[in-house]
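Q: Here it is, the structure, as structure tokens.
The values are calculated or read from the model by the stated rules, or taken from the named source; none is laboratory data. Since this is a predicted model, take the numbers as computed values, not measurements. Heads up, the Cβs are rebuilt from the backbone with ideal geometry, glycines too, and the neighbour counts pull from every protein chain shown. SASA here: full protein model, heavy atoms, side chains in, ligands and nucleic acids out. Shrake-Rupley method; radii C 1.70, N 1.55, O 1.52, S 1.80 Å.
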Amino acid sequence: MDPDSNVAIAEAARHFQKARMQAFWQEVWALLRGKSIDLLGFEEVKHRLRLRDERYLGLRDVELDKIVGSVGRYKDFTRTFLPRTNAVRSRWQRLDAMARGPEGFPPIEVYKIGDAYFVIDGNHRVSVARALGAKTIEAYVTELPTPVPLEPDTKPDDLLIKEGYADFLRETHLDQIRSGSQVILTEPARYRHLIEHISVHRYFMGLEQKRDISSEEAVASWYDNVYMPMIELIRKYDVLSQFPGRTEADLYAWLIKHQEALRLHLGGEAVAPEEVVEDFLNKLG
């Protein structure tokens, strides 16, 4: 179909109007349910995750469902790239008509962070492609590596949690010391408590071994000998199933506080991790 034909132009106008109506109802339902349908802003994510390095990955097919943010146009579209304003009408309709022509439209440009993508150039093309039911789109991809998991379902409100984890990793380098570790809290303020645990562990390691303990040694020992044994007990007793929406690291933080309370209750006597978990579960009823 000739993208400049009257038929193509009229059809593109109908498609845009349909997309605008879908965006309207998405916003209504989001308001009623108290949930965000906003795209992620690239600059905020980059700042919160402390991202600096880039590497070019070349031309790739990118899943449209994983494109959940934008460098500059994150206010113009919903999370599913429906147009939120009539200001994008003219360009959107031209691209809709072009997409139905023999040549289609050129690749977009995106940043990749974790498993999520952010549009540098091509927001309207993503919107049109999704409206047409496409599953993938060609894109020139530049990756910003990060040890912090970023998934396509990450919401703007989740970024504070991601920021806390980024700061924790920057201070402890746990991701480098223990590759594959995932110490993710849903309450980012508690990362300070974990850092305090590591500091106390380092102090007692020094007393026991009668030498200075490096930060790297302390982090590795805390993870292997304090954190993971408690996590293994959490898994053994399936504690996490009783706390939907929480993480293993959340439970670790709670159990460490419970362990300290038990120790004080017993007059300073040490309490084994398994006793802590069993007492915690008993108190849950």
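Q: Pick from region 260-272 the residues that are part of a helix (DSSP H, G or I) and of a type outside the set (D, E, K, R): which of them is surrounded by the most Cβ atoms within 10 Å (Cβ to Cβ)?
A: Ranking the qualifying residues of region 260-272, first place goes to 262.
Q: Which condition does residue 181 not pass, out of (1) open to solvent by 40 Å² or more (accessible area, probe 1.4 Å); (2) in a loop (DSSP other than H, G, I, E, B); (3) of a type in the set (Ser, Thr, Tyr), if it passes all the others?
A: Every listed condition holds for residue 181 apart from (1).
Q: Could you go through region 162-169 and let me know if any residue there is buried (at least 18 other Cβ atoms within 10 Å of the Cβ), out of contact with any Phe, Trp or Tyr (no Cβ under 9 Å at 6 or more places or on another chain) and without any contact (Cβ under 8 Å) to a residue 60 or more places away in the chain.
A: Yes, because at least one residue in region 162-169 is buried (at least 18 other Cβ atoms within 10 Å of the Cβ), out of contact with any Phe, Trp or Tyr (no Cβ under 9 Å at 6 or more places or on another chain) and without any contact (Cβ under 8 Å) to a residue 60 or more places away in the chain.
Q: Those residues that are surrounded by 13 or more Cβ atoms within 10 Å (Cβ to Cβ), more than 26 Å from residue 169 (Cβ to Cβ), modelled with pLDDT of 95 or more and not basic (Lys, Arg), I need them from region 29-62; list them, please.
A: The answer is 62, and nothing else.
Q: Let me ask something else about it. Determine whether region 131-148 contains at least one residue that is crowded, with 17+ Cβ neighbours inside 10 Å and in contact with a Ser or Thr (Cβ under 6 Å, 6 or more places away or on another chain).
A: The answer is no, given that none of the residues of region 131-148 is crowded, with 17+ Cβ neighbours inside 10 Å and in contact with a Ser or Thr (Cβ under 6 Å, 6 or more places away or on another chain).
Q: Looking at residue 200, is it open to solvent by 40 Å² or more (accessible area, probe 1.4 Å) and not in a loop (DSSP other than H, G, I, E, B)?
A: When the stated conditions are applied, residue 200 passes them.
Q: In region 75-90, how many are within 13 Å of residue 155 (Cα to Cα) and more than 17 Å from the chain's Cα centre (by Cα)?
A: Of the residues in that region, 1 qualify.
Q: Go through region 208-259 and give me each residue that's of a type in the set (Asp, Glu), assigned to a helix (DSSP H, G or I) and open to solvent by 40 Å² or more (accessible area, probe 1.4 Å).
A: 208, 216, 217, 224, 232, 248
Q: Please verify whether residue 154 is of a type in the set (Ser, Thr, Tyr), under 25 Å from residue 179 (Cα atoms) and either open to solvent by less than 30 Å² (accessible area, probe 1.4 Å) or part of a helix (DSSP H, G or I) (or both), treating the condition exactly as stated.
A: Spelling it out, residue 154 is indeed of a type in the set (Ser, Thr, Tyr), under 25 Å from residue 179 (Cα atoms) and either open to solvent by less than 30 Å² (accessible area, probe 1.4 Å) or part of a helix (DSSP H, G or I) (or both).
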